[in-house]
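Enquirer: The structure that follows is given in the form of structure tokens.
The values are calculated or read from the model by the stated rules, or taken from the named source; none is laboratory data. Keep in mind the model is a prediction, meaning the values are calculated, not measured. Neighbour counts are summed over all protein chains in view; Cβ atoms, including those assigned to glycine, are modelled from backbone coordinates with ideal geometry.
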Amino acid sequence: MIYADNAATTKMSDAAVQTFTSVCREAWGNPSSLYGHGQSAKDVLEKARAEVAAVIGAQPEEIYFTSGGSEADNQAIRSAAALGRKKGKTHIISSAFEHHAVLHTLKALEAEGFEVTLLDVHSDGLVVPAEVEAAIRDDTCLVTIMAANNEIGTIQPIREIGAVCRARGVLFHTDAVQAAGHIPLNVEADNIDLLSASAHKFHGPKGVGFLYAKKGVRLTNLIEGGAQERGK
């Protein structure tokens, strides 16, 4: 049978299966524990964190593992919104072309008093950086634009959009679930403050994702309790 829907999910690579199996058998301890089994697991976890960080040009302490892309999107957007509200900024910019993990989170924030501007894409499926800049207001706290579309594969000009946000002092989040592992991403060069990704989109296991949060961007807890991922 031919499989032709890698945009939806991918088969785990042989290397990923081998690593996953090895970790389950040999590094199964609680990485929060101080004894040997726990510390062995922590070493594996932190090595993985450093490897992920290197791929996107980040620092290991800026990487937070999640249960997938949707959780990472939710935490990124809600964290930026919480930071914005503290400063009296409750306006968010996105596009009508985003994944539901983004759009539904924005809808929930509207019910909490935030105002959301959804930009249209042009006939080529692109968001125009100049239109992002024109939409930014004094009370804008976040711009969230996906890196690559999950339906038609459009690759957005995130570097240019990020530059606009950086110049205007607005946080920039990109849902890179469809892009990570397929196109080059560099959070510094691309002017990204928050980035979401999911392993099952690039031949990794399901139920594993990560959130990049630039140093200084404080994350809001989605779930209370536990010190995993530095309490986030």
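Enquirer: Pairs, please: C-beta under 6 Å, at least 6 apart or cross-chain, first residue under 20 Å from A147 (Cα atoms) and in the stretch 96-115, second assigned to a helix (DSSP H, G or I) and not aromatic (F, W, Y)?
Expert: Between residues of the stretch 96-115 that are under 20 Å from A147 (Cα atoms) and residues that are assigned to a helix (DSSP H, G or I) and not aromatic (F, W, Y), the close pairs are A101/S70; A101/D73; V102/D73; T105/N74; T105/I77.
Enquirer: For the stretch 21-41, how many residues meet the condition of being closer than 16 Å to G226 by Cβ and assigned to a helix (DSSP H, G or I)?
Expert: 2
Enquirer: Further question: Could you list all residues from the stretch 182-203 that are closer than 17 Å to V17 by Cα and either modelled with pLDDT under 95 or among the small types (G, A, S) (or both)?
Expert: Matches in the stretch 182-203: S198, A199.
Enquirer: Continuing with the same structure: Since G36 meets every condition but one in (1) modelled with pLDDT of 95 or more; (2) small (G, A, S); (3) surrounded by fewer than 17 Cβ atoms within 10 Å (Cβ to Cβ), which condition does it not meet?
Expert: Failing condition for G36: (1).
Enquirer: In addition: Take the residues in the stretch 44-59 that are surrounded by fewer than 17 Cβ atoms within 10 Å (Cβ to Cβ) and of a type in the set (G, A, S); name whichever of them is nearest to K215 (Cα to Cα).
Expert: Filtering the stretch 44-59 for residues that are surrounded by fewer than 17 Cβ atoms within 10 Å (Cβ to Cβ) and of a type in the set (G, A, S), the one nearest to K215 (Cα to Cα) comes out as G57.
Enquirer: How many residues does the stretch 60-88 hold that are surrounded by 23 or more Cβ atoms within 10 Å (Cβ to Cβ), within 11 Å of the chain's Cα centre (by Cα) and assigned to a helix (DSSP H, G or I)?
Expert: Residues that pass the stated criteria total 6.
Enquirer: If you take the residues in the stretch 149-175 that are in contact (Cβ under 8 Å) with a residue 60 or more places away in the chain and closer than 20 Å to T66 by Cβ, which one is nearest to the chain's Cα centre (by Cα)?
Expert: Per the criteria, the residue is D175.
Enquirer: So K206 fits all but one of (1) of a type in the set (D, E, K, R); (2) buried (at least 17 other Cβ atoms within 10 Å of the Cβ); (3) under 24 Å from V17 (Cβ atoms); what number is the exception?
Expert: Here K206 clears every test but (2).
Enquirer: To continue, here is another question. Only residues that are more than 19 Å from G209 (Cα to Cα) and without any contact (Cβ under 8 Å) to a residue 40 or more places away in the chain: list them for the stretch 31-43, please.
Expert: The answer is S33, L34, Y35, G36, H37, G38, Q39, S40.
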